[in-house]
Amino acid sequence: MNWFESLLWDPSSVAHIVSLYAFVISVGVLLGKIKFFGVSLGVTFVLFAGILMGHFGFTAETHILHFLRDFGLILFVYCIGLQVGPSFFSSFKKGGMTLNLLAVMIVVLNIVVMLAIYFIANGQVGLPMMVGIMYGAVTNTPGLGAAQEALNQLHYTGDPIALGYACAYPLGVVGIIGSMIVIRYIFRISFAKEESQLKNQDADLKHKPHMIHLEVRNESINGKTLLQVKNFLGRPFVCSRIRHEGHVSIPNHETIFYTGDQLFIVCSEEDAEAIVAFIGKEIEVDWEKQDMPMVSRRILVTKSEINGKKLGSMHFRSMYGVNVTRVNRSGMDLFADPNLVLQVGDRVMVVGQQDAVERVAGVLGNQLKRLDTPNIVTIFVGIFLGIFLGSLPIAFPGMPTPVKLGLAGGPLVVAILIGRFGYKLKLVTYTTMSANMMLREIGIVLFLASVGIEAGESFVQTVVEGDGLFYVGYGFLITIIPLLLVGIFARWYYKVNYFTLMGLIAGSTTDPPALAYANQVSGNDAPSVGYSTVYPLSMFLRIIAGQMILLTML
C-alpha cells in the first residue's frame with residue numbers, strides 16, 4: 001500500500017502533485033457551473049476546491065506550488081493581453097473615452113475606499129491582506145496574482161492574501177450585480193425606453209461600413225473620373241460596382257461617371273450623408289440582374305506575408321479588377337480604407353467576377369487550416385520579452401526600492417503591444433478564440449489551484465476564529481460604494497444608457513458573471529459593447545495598481 005500512500009500524501013511525488021491538481025481543477029470547474037439565482041462563479045470555485053484540499057493536508061512542495069502558480073499567471077495575463085491588444089488604444093476614441101474615464105474613477109475609488117478602511121481600522125488588518133480583500137471585492141484574479149508576485153519581491157511572510165480574496169469574492173459578485181439593480185430602481189429605469197434610445201443612437205456606429213445605392217444626378221461630375229470625384233468630395237469611399245447603359249462593371253480610378261449611372265457605394269456612416277448630397281440620390285437596385293456575373297465573397301487572410309501590409313498597397317482594383325468593400329476583424333466590420341493594415345485572420349469582402357475573386361483568394365491565402373495551428377513562436381517570444389520587461393528595476397525618486405512590473409505586469413504590457421503592433425515586427429499575432437481561451441483557462445486554473453492549496457491550511461481558522469467576517473464586510477464596502485457613486489454620476493451627468501452602464505460596471509470590475517446577468521436582463525449587445533470598451537484599460541489598471549500600492553507603502 002506504499003504506492004497508495006505516496007499517491008495521496010507524498011508532496012514531492014509527481015503522481016501526487018498531478019493527481020491533486022487534476023482533482024482540484026476538475027471539481028472546482030464542475031462546481032463553478034452551478035448557478036445561484038441565475039449566476040455562477042465560474043472557475044473561481046477552483047480556488048475554494050484548493051482551499052478545501054489544503055485544509056485537509058493535501059499539498060505539494062512549496063517551490064512546486066509557486067512555480068505552477070506563477071506559470072499559470074503568466075499564461076493567463078499574456079493571453080488576455082493578446083486578446084485586448086488590438087482594441088486597447090482604439091477604446092479611447094470618441095464615446096469610449098467617457099466610458100473609460102468612468103471606469104478609471106471606479107478603479108481609483110476602489111483603492112480610496114480600501115485605504116480609508118485600512119487607516120480607519122488603524123492597522124487591524126494588514127495592508128497586504130487589505131489588497132487581497134480589494135481584489136476579491138472586485139473579483140479580479142490577475143490583480144491578486146500580481147499583488148502576490150509583488151509580495152514575493154518584498155519577501156513577505158505573513159498570512160496568504162488569498163484568504164482575504166476568498167472571503168470577499170462571493171459577496172463581491174453579489175455587490176456588483178446588486179449595484180446594477182439599485183441604480184435601476186433609483187432612476188426608475190424603463191427597459192423599453194432604454195431600448196428605444198439605443199436604436200436612436202448612431203454615434204457608436206460611425207466606424208462601421210455603410211452601403212448605399214446611388215444614381216448620379218450632379219451635372220458637375222458628369223464626365224469626371226472616379227479619382228477626380230473622390231478628390232472633389234474629400235471623403236473616402238469605395239465604388240464597388242457601376243451600371244452604365246445597362247452594363248455592370250467593376251470601376252477603377254479611371255472610370256468616368258455620367259449622369260444616370262447607378263453606383264454601389266461603401267463608405268463610413270459619418271460620410272454617407274455628404275456623399276449622397278454630392279453625387280445624386282439614393283435608389284433601389286437589384287444587382288443580381290445584370291449582364292456580367294459578379295460575386296461578392298469573404299476571403300480569409302492566412303498568408304503570413306500579407307500580415308502588416310496596407311490594403312492600398314495590394315492594388316486589388318488595378319491588378320485584379322475587383323473591389324474590396326470592407327474587412328471583418330474579430331467579428332467587427334471595418335471600412336476598407338487604403339491605409340487599413342491587414343492582419344492574419346481578417347476576412348476581406350471582395351466584389352468582382354468569379355475568376356478574379358478566385359485569384360485574389362489565392363493571393364490572400366483563404367486556407368482555414370492554416371489558422372488552426374497556433375503561432376507558438378509569437379506566444380513564447382512575447383512571454384520571454386514580458387518576463388524580461390517585468391524584471392527590469394524602475395527607480396522612482398523617494399522610493400527606497402526600485403519598482404518592477406513583475407511576472408504579471410511585464411507579460412501583460414508586452415502582450416498588449418504585440419497584439420496591437422506585432423505585425424510591424426512580422427509577428428503573426430492571430431490566435432483562434434478557442435486556442436486563446438484554452439491557454440487562458442489552463443493558466444487561471446493552475447494559478448487558482450496553487451493559491452488555494454497553499455492558503456487552505458489556515459483558511460478555516462482565519463474565518464472562524466480570526467477576522468474572516470471583517471474581511472467579508474470590508475470587501476462588500478469596497479465593492480458597492482464606488483459602483484453606486486460612479487453609476488449614479490454616469491447616469492445623472494453623462495446620461496449613459498442603462499444597458500451600456502451595466503456593461504461598464506461589469507467591465508470595470510472585469511466580472512464575467514455580472515456581464516452574463518446584464519446580457520440576460522437586457523436582451524441586446526449593449527452591455528457587451530460597454531464591457532469590451534472598458535475591459536482592456538480596467539484590467540491593466542487592476543493588475544498594476546495592487547503592485548504599486550504594496551511596493552510604495554510597505
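For an R0 of 45 angstrom, estimate the FRET efficiency from the Cβ-Cβ distance between residue 392 and residue 309 and round to the nearest 0.05.
Details: r = 33 Å, r/R0 = 0.73.
Rounded to the nearest 0.05, the efficiency is 0.85.
With 21 Å as the limit, write out which pairs from 193/495; 224/310; 230/309 have Cα-Cα distances beyond it, or answer none.
Details: 193/495 13 Å; 224/310 27 Å; 230/309 23 Å.
Those over the limit are 224/310; 230/309.
Using a simple spin-label model with points 7 Å from Cα along the Cα→Cβ vector, what separation in nm is obtained for residue 116 and residue 492?
Computed distance between label sites residue 116 and residue 492 equals 1.5 nm.
Using C-alpha positions alone, give me the convex hull volume of the stretch 468-537 per residue in cubic angstrom. Each step should come with its number before you reach the end.
Values: hull volume 6.5 nm³, N = 70.
Dividing the Cα hull volume of the stretch 468-537 by its residue count gives 93 Å³.
By average Cβ neighbour count within 10 Å, what is the ranking of 64-72, 219-227 from highest down?
Ranking the peptides 64-72, 219-227 by packing returns 64-72, 219-227.
Based on Cα positions only, what radius of gyration and what Dmax would you give for the stretch 224-275, in angstroms?
Values for the stretch 224-275 (Cα only, Rg and Dmax): 10.8, 31 Å.
Take the Cα atoms of the stretch 111-193, find their three principal axes, and give me the spread along each one in whole Å, biggest first.
Cα spread of the stretch 111-193 along its principal axes, largest to smallest: 55, 27, 18 Å.
Need one number: nm distance between label points at residue 195 and residue 35, each 7 Å from Cα along Cα→Cβ, rounded to one decimal.
Here the answer is 2.0 nm between the modelled labels.
Whole Å is fine, so just give me how far the alpha carbon centre of the stretch 144-196 lies from that of the stretch 521-549.
12 Å
Using a 1.4 angstrom probe on the protein heavy atoms only, could you order 232, 540 from most to least accessible area?
Result of the area sort, largest leading: 232, 540.
Order of 102-114, 349-361 by packing, highest average Cβ count within 10 Å first?
Ranked by mean Cβ neighbours within 10 Å, highest first: 102-114, 349-361.
Taking 7 Å along the Cα-to-C-beta vector as the label spot, tell me the residue 181-residue 15 distance in nanometres, rounded to one decimal.
Between residue 181 and residue 15, the label points sit 5.0 nm apart.
Within 10 Å, count the other beta carbons around each residue, average over each peptide in 53-61, 153-161, and list them highest first.
Descending mean neighbour count gives 53-61, 153-161.
Stokes-Einstein at 25 °C, 0.890 mPa s, Kirkwood radius from Cα pairs: D for the stretch 215-352 in µm² s⁻¹?
Taking Rh from Cα pairs, D becomes 156 µm²/s.
The values are calculated or read from the model by the stated rules, or taken from the named source; none is laboratory data. All figures in this text were calculated on a predicted structure; none of them were measured in a lab. We place every Cβ from the backbone using ideal geometry, glycine too, and count neighbours over all the protein chains shown. All accessible areas refer to the heavy atoms of the entire protein, side chains included, with ligands and DNA or RNA removed. Shrake-Rupley method; radii C 1.70, N 1.55, O 1.52, S 1.80 Å.
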